[in-house]
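Below you'll find the structure, written out as structure tokens, and then a few comments.
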Amino acid sequence: MKKINILLITMTIIFAGCAPDGKKDNPLLMEFDTPYEAPPFDKIEDEHFMPAIEEAISQHKAEIEAIVENPEAPDFENTIVAYDDAGELLTRVNRVFGGLRSAETTDRLQEIARETTPMLSEHRNSIRFNMDLFNRIEEVYENRENMDLDREQERLVEKVYQDFERNGVALPEEERNRLKELNERMSMVSLELGENLLAENNRYKLVLEDEEDLVGLPDHVISAAAEEAEKADKEGKWVFTLSKPSWIPFLQYSERRDLREEIFKEYINRGDNENENDNKELFLELLELRQEMTRMLGFDNYAEYFTDIQMAENPENVYDFLYEVWDPALERAKQERDDMQAIIDREGKDYELEAWDWWYYAEIIREEEYDLDEDQLKPYFTLDNVRKGNFALANKLYGLTFEERPEVPVYHEEVEAFEVYDNDGSHLGILYIDAHPRPGKRSGAWCGTYRSGGYEDGEKIAPIVTIVMNFTRPTGDQPAMLSWDETTTYFHEFGHALHNFFADGRYDRTRRSVPRDFVELPSQILENYAAEPELLKEYAIHYETGEAIPDELIEKIHNSRYFNQGFQQTEYFAAAILDMDWHTAEITPDIDVNEFEKASMDGIGLIDEIIPRYRTTNFQHIFGSGYAAGYYVYRWAGVLDADAFQAFKETGDIFNQELAEKFRKYIMAKNSIYEGMDAYIKFRGEEPSIEPFLERSGLN
Ligand SMILES: [Zn+2]
């Protein structure tokens, strides 16, 4: 450890002495001299990233070099811990870079990403395939049982060793070199797929000039479209985009069936338009690369490789789970389709229900049978109210409190920063909330970190966490009001944020390391709470009358739990099966992407009126390695969260603090010691049952 520090100091002096332009005064390379050492967004400019990344890479290289050249025999501290500590600056710069690229990107940042992506993947490769480094790690790994390590340390050794092994370091040199090429190409292709999709999202807008074209649309949808038009320099017109808060309300309410069809087709065909953003060829190339990689590593296909380190363990278990839910889900979707067709017939219209009609008729069913009008709900679910609901929930379960910190720098005026206090009043971290869509923000909702928590020289480092959404904006003098879907999304991302705040471990690699099919448990369990009357009465307050949401509306929310579930589950499971089919198939260059997709969906009997939630060419989740062969994880975790919430209900108190303490400890805090099923059983006392999930979805 000491040697590395000395080397680092020397290097810093050298760099300070002959700093080329861009390194001097680069805020990314200096201590963050800000409240809570948050990133100094007000000082960071696009041009700072390239030199900062270059500098961070060379520091990381030097740190690795120091481990390899250590004359002492490899041991836990001088090899494993040193490796775990290395690359801190790179991580810090990358988090800011990645955070901005997702939430507030610019053409220049995209350009820099294209330049740095190959640099970074080459750098990662140089470490992954560093034989001298691996030899030292392997030596520690093989002797780990004689080293007097505690459980957390032993798991760190195993994780680090497994990372190297899964990257193919033990392969013959020629194959290793090929793997490096594959990795580099895969990151480029992933990047291009995502860029094409962003371009496709922005390429099309439905521009309406005639008031008659707005027939059926409620006022708030019209005024949102008018504001969208202003942003697009089309004042006096109405604009609908391919972001969900824009096109979904249009499909729900517009009586212009032809326009519904137009915008829906534009949405589902993103990346499949035979233009410069077409993703078909690129996607197939990505799958070929993945296949070649996984075969070199001794797996039949990418799904095997992915699931090998998941709770599910193998593709068969995933398919078993998917099919167990698929049949009842499809059955229910068919019923829903027939109900909608009956309305069309009743209206005396002579057409068959099509995919772009689904939202429109679902809305009618919602009004008729569930009597739940989203517009009735919305005044209770202002953005502020939902935030307060989340904060109140964190207080009831874990005793956390929150305070707004306007002095913390943010990257856009819409972003809010809060300080989070633990139940003993100590500082737990900083939370950014970034709620609304902007042109530089990618679609969807996510949680990320600008600094992950941990320890440095025994001192606790508090995390800086961000939740980013694309929620309906305020319009005119009305506050932002969230749909029910947006409300539960808020709770979801906030759950990820809590996981980040609670994660507590000594080492970077294992601190918050959970399998992908486990990681959605802390987020999804909070969605259950969003609808609980005890919480609703506290946060769902009408923004004009100041009255708490009435019982009859709460009851309607509860009844509507089953509304459209056939559709919801079917479109999700169709996408999850499509993902698994792609990643278990024999990939050859002559595959026709659209035909493959069709065959896959025909194979499970998907009806024409529903398309998978994501089609191949716009399936962002599987473009990167994170969720490839892993889209199933959300519902897999659904089984976990439904069963875990059931555990709270069984105590007779959904805010049971004793059980919450267990949840915090085993599910979120001690991931460096307990993993997957072990962690779950520690919390629950037994394995999860699928029943609460089926019941909640109305599929039992
Ligand atoms: Zn999530």
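The values are calculated or read from the model by the stated rules, or taken from the named source; none is laboratory data. Predicted, not measured: the structure shown is a model, and the values here were computed from it. Note: ideal-geometry Cβ built from the backbone for every residue, glycine included; neighbour counts use all protein chains shown.
I'd like to know if region 650-669 contains one or more residues that are surrounded by fewer than 22 Cβ atoms within 10 Å (Cβ to Cβ), under 30 Å from residue 157 (Cβ atoms) and of a type in the set (A, V, I, L, M, F, W, C).
yes
Kindly check whether there is at least one residue in region 657-672 that is modelled with pLDDT under 95 and either part of a helix (DSSP H, G or I) or touching a helix residue (DSSP H, G or I) at 6+ places or on another chain (Cβ under 6 Å) (or both).
Checking region 657-672: at least one residue is modelled with pLDDT under 95 and either part of a helix (DSSP H, G or I) or touching a helix residue (DSSP H, G or I) at 6+ places or on another chain (Cβ under 6 Å) (or both).
Can you name the condition, by its number, that residue 412 falls short on among (1) more than 23 Å from the chain's Cα centre (by Cα); (2) outside any helix (DSSP H, G or I); (3) not aliphatic (A, V, I, L, M)?
(1)
Out of 124, 128, which single residue is at pLDDT below 95 and in contact with a Lys or Arg (Cβ under 9 Å, 6 or more places away or on another chain)?
On inspection, the qualifying residue turns out to be 128.
List the helices (runs of 4 or more DSSP H) inside region 548-629, counting only whole elements, that have at least 2 residues being over 28 Å from residue 377 (Cα atoms) and in contact (Cβ under 8 Å) with a residue 24 or more places away in the chain.
Fully inside region 548-629 and qualifying: 565-584, 593-603, 620-623.
Give region 291-349 a look and list any residue that's over 27 Å from the mean Cα position of the chain (by Cα), among the charged types (D, E, K, R) and within 28 Å of residue 695 (Cβ to Cβ), or say none.
Answer for region 291-349, where residues must be over 27 Å from the mean Cα position of the chain (by Cα), among the charged types (D, E, K, R) and within 28 Å of residue 695 (Cβ to Cβ): 327, 331, 332, 334, 336, 337, 338, 339.
Could you figure out which of (1) buried (at least 21 other Cβ atoms within 10 Å of the Cβ); (2) outside any helix (DSSP H, G or I) isn't true of residue 196?
Result: residue 196 passes all but (2).
Cβ-Cβ under 6 Å, sequence separation 6+ or interchain: first residue in region 424-447 and more than 20 Å from residue 406 (Cα to Cα), partner among the β-branched types (Val, Ile, Thr). Which pairs?
Within 6 Å, the pairs are 440/105; 445/489; 446/468; 447/467.
Of the numbered conditions (1) touching a helix residue (DSSP H, G or I) at 6+ places or on another chain (Cβ under 8 Å); (2) among the acidic types (Asp, Glu); (3) closer than 24 Å to residue 535 by Cα, residue 424 fails exactly one; give the number of that condition.
(1)
Under 7 Å between Cβ atoms, which residue pairs at least 6 apart in sequence (or on different chains) link something in region 485-505 that is within 14 Å of residue 453 (Cβ to Cβ) with a partner that is more than 15 Å from the ligand (Cβ to nearest atom) and polar (S, T, N, Q)?
Going by the 7 Å Cβ cut-off, the qualifying pairs are 500/452; 503/671; 505/671; 505/672.
Among the numbered criteria (1) touching a Ser or Thr at 6+ places or on another chain (Cβ under 8 Å); (2) within 16 Å of the ligand (Cβ to nearest atom), which one does residue 543 miss?
Going through (1) touching a Ser or Thr at 6+ places or on another chain (Cβ under 8 Å); (2) within 16 Å of the ligand (Cβ to nearest atom) one by one, residue 543 breaks only (2).
Listed here are the residues, each with its yes/no results for (1) buried (at least 18 other Cβ atoms within 10 Å of the Cβ); (2) of a type in the set (Ser, Thr, Tyr); (3) over 30 Å from residue 678 (Cα atoms).
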site: 76; (1), (2), (3): yes, no, no
site: 115; (1), (2), (3): no, no, yes
site: 119; (1), (2), (3): no, no, yes
site: 150; (1), (2), (3): no, no, no
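Quick one: what pairs do we get from region 139-165, first residue more than 13 Å from residue 80 (Cβ to Cβ), second not in a helix (DSSP H, G or I), C-beta under 7 Å, 6+ apart or different chains?
Hits for this filter: 151/673.
Restricting the search to region 397-429, which residues are in contact with an Asp or Glu (Cβ under 6 Å, 6 or more places away or on another chain) and over 30 Å from residue 201 (Cβ atoms)?
Within region 397-429, 403, 405, 419, 428 qualify.
Filter region 305-327 down to residues that are in a loop (DSSP other than H, G, I, E, B) and aliphatic (A, V, I, L, M) and give me whichever is surrounded by the fewest Cβ atoms within 10 Å (Cβ to Cβ).
It comes out as 309.
Kindly indicate whether any position in region 179-195 is modelled with pLDDT of 95 or more, more than 28 Å from residue 277 (Cα to Cα) and small (Gly, Ala, Ser).
Among the residues of region 179-195, not one is modelled with pLDDT of 95 or more, more than 28 Å from residue 277 (Cα to Cα) and small (Gly, Ala, Ser), which makes the answer no.
Restricting to region 230-259, give me the number of residues that are under 21 Å from residue 199 (Cβ atoms) and of a type in the set (A, V, I, L, M, F, W, C).
Residues that pass the stated criteria total 5.
Can you give me the ranges of the helices (runs of 4 or more DSSP H) entirely in region 427-521 with at least 1 residues that are away from the ligand (no atom under 16 Å from the Cβ) and either over 19 Å from residue 383 (Cβ atoms) or in contact with a Leu (Cβ under 8 Å, 6 or more places away or on another chain) (or both)?
Where helices (runs of 4 or more DSSP H) fall fully within region 427-521 and carry at least 1 residues being away from the ligand (no atom under 16 Å from the Cβ) and either over 19 Å from residue 383 (Cβ atoms) or in contact with a Leu (Cβ under 8 Å, 6 or more places away or on another chain) (or both), they are 484-502, 508-511.
Which ones in region 231-271 are in a loop (DSSP other than H, G, I, E, B), under 24 Å from the mean Cα position of the chain (by Cα) and surrounded by fewer than 20 Cβ atoms within 10 Å (Cβ to Cβ)?
243, 269
Give the number of residues within region 529-541 that are surrounded by fewer than 22 Cβ atoms within 10 Å (Cβ to Cβ) and under 20 Å from the mean Cα position of the chain (by Cα).
0
Checking the condition closer than 24 Å to residue 302 by Cα and either among the basic types (Lys, Arg) or modelled with pLDDT of 95 or more (or both), which residue from 583, 542 passes?
Within the list 583, 542, the selection yields 583.
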